[in-house]
Amino acid sequence: ALNIVLGKSADEPLGVSGRTVSSALQDILGVGSRQLSMGYRETGDFGDAAASFFQEKKFFVLMKSSSLSIVQVCNLLQKIVVADGGNAKNGIVNKVLRSCQSKSELRVMVRLLIGCMRIGSNVKTVLAAVAMAFHSTRKEDTLTIKSAIVLVQKTHDLCPNLELILQALLKGGFDQMK
């Protein structure tokens, strides 16, 4: 989930082109490439352009499916990474985009698939949030919030693996970082 906040879809690149996402959107939304291009030129964002067509029900081809959980999204993104061939990736991209139940979901999924989240978060911000969250649950810690943030960020400098940092915090708290 933290990788998604950071605009990363997986540990490895998805290998999904803008053309693949565009083709899936054309199919799902019932719009042409010219309309998507015009939407992109107007908004400057592919996710916003797709969301604007989702909003206009006359362009939306109704194929109801259930919403995806964050775990399901992560699993599907991992399947995209390991999928062999364009057809396999296209099928998974189609499934992910078809599962979007609102224009906001569609906007975020398109941005995630093309690797441009546009939410202004970065690793340093996420690390600070993680440190603050752990600090607030550990009343016995002698560290100040600022010290906890610096400690987690320095740990990330030495070991840039969010999963390992989170495991260490869960296992031993800030003492594990020292």
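What follows is calculated from the coordinates using simple rules that are stated; it is not laboratory data. Bear in mind the structure is a predicted one, so any value in this text is a computation, not a measurement. Positions of Cβ are generated from backbone atoms using ideal geometry, with glycine treated the same way; all protein chains shown enter the neighbour counts.
Computed over the alpha-carbon atoms, region 79-178 gives an Rg to Rh ratio of 1.14, Rh here being the Kirkwood radius from the mean inverse distance. Peptides 14-24, 158-168 ordered by packing proxy, namely the average of other Cβ atoms within 10 Å per residue, highest first: 14-24, 158-168.
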